[in-house]
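Any read-out appearing in this document is the output of simple, stated calculations on the displayed coordinates, not a laboratory observation. Quick caveat, the model's predicted, so the values are computed rather than measured. Here Cβ is always computed from backbone atoms with ideal geometry, including for glycine, and neighbour counts include all displayed protein chains.
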Amino acid sequence: MAFVQRTLCQISILVVLCVMLWQPSAPAWAMGGQMPPLNELAPEFTLPTNDGRGQLSLSSFKGKWVVLYFYPKDFTPGCTLEARRFQRDLSKYQAKNTQVVGVSADSVNSHAEFCSSEGLKFPLLADEEGLVSKAYGSWMGFLSMRHTFIIDPDGVLRERMVKVAPAVHSTEVLERLNELQQSRV
């Protein structure tokens, strides 16, 4: 049953994306709206976590770097690959005083199942209304777009990555994070 649901979700997402990209003048909300400016405070948020026990806020990571990545849907091929790569590199992020946080419009239960099936040890946040995705210019109608933001320990947005290739994205984020951390020394 879960396989059928995932397949139907994947097909639905592909149809919507094709329709939206096919339109020559897609509305601003379809393309995620305005992204927050670099070198200013990142938009604050509070969302429920995959563990179902509470919520996390951006401010709860004060003093740490944050890799905040938005993705369309749990269990889809690209999103699964991207999450696996972040998990593979998690110790490298931790060594750089960095917290990886994933956000999508999926429910807490979906995130919990996704984390369990993939062995993910970083939080996934449920943005079911898309409010945080919209605040970061990463919303496409009913799902989050594949965007990543690097936020410094003071809560300042330092990088936006919008053309994301899931297979190499974590490596690219680590390289950029290293550059940003070196420039702060």
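Residues that are in contact with a Ser or Thr (Cβ under 8 Å, 6 or more places away or on another chain) and of a type outside the set (A, V, I, L, M) were ranked within region 160-183; the one that is nearest to K73 (Cα to Cα) is H169. Scanning region 89-104 for residues that are in contact with a Lys or Arg (Cβ under 8 Å, 6 or more places away or on another chain) and without any contact (Cβ under 8 Å) to a residue 60 or more places away in the chain yields L90, N97, Q99, S104.
Give the residue that is surrounded by the most Cβ atoms within 10 Å (Cβ to Cβ), with candidates limited to residues of region 86-121 that are under 13 Å from the mean Cα position of the chain (by Cα) and not in a loop (DSSP other than H, G, I, E, B).
S104
When region 58-85 is filtered for residues that are small (G, A, S) and either over 14 Å from the mean Cα position of the chain (by Cα) or part of a loop (DSSP other than H, G, I, E, B) (or both), the ones remaining, listed by number, are S59, S60, G63.
The conditions of being of a type in the set (A, V, I, L, M) and farther than 23 Å from G130 by Cβ are not met by L58.
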